[in-house]
Amino acid sequence: AITFNDQQTFTVTGTLTSGGKPLPGHQLTVRTGIARLCTVITNLHGTASCVLTYHQSLLIRQNIGRYTLSFAGAPDYYPASATGRAIVYP
């Protein structure tokens, strides 16, 4: 999920689960195009959020709102990624 606030920055939130159960303590990476925007660790609910700076938000806008959250994998878990698209108004 991605939300937009009045300061023209985005908050990107991702949830990592396996078999419907949260995976806490794992790293998620947020990218747009080839730019890495942030890396965050999931909490007890498997959720992690990253507040992007104005400059990082501009990168998402320049990429037509597209972003990707990715998980590199862990000993008992396969890598995973999800893409999203923020609705960007001019």
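Read-outs throughout are calculated quantities, based only on the coordinates presented, and are distinct from any laboratory measurement. For clarity, every value in this text was computed on a predicted model and none was experimentally measured.
Amide H contacts under 5 Å for HIS26: THR42, restricted to partners 5 or more places along the chain or on a different chain, H placed in the peptide plane at 1.01 Å from N. Computed over the chain, the per-residue total of -39500 (n - 2.57) for DSSP H runs of n ≥ 4 gives a 222 nm mean residue ellipticity of -3000 deg cm²/dmol, rounded to 500. Convex hull volume per residue, computed on the Cα atoms of segment 27-90, equals 90 Å³.
Across segment 38-55, coupling constants 3J(HN,Hα) worked out from phi with the 6.51/-1.76/1.60 Karplus curve, θ = phi - 60°, read 6, 10, 10, 10, 5, 8, 4, 9, x, 10, 9, 10, 9, 8, 7, 5, 4, 4 Hz, and Gly and Pro carry x.
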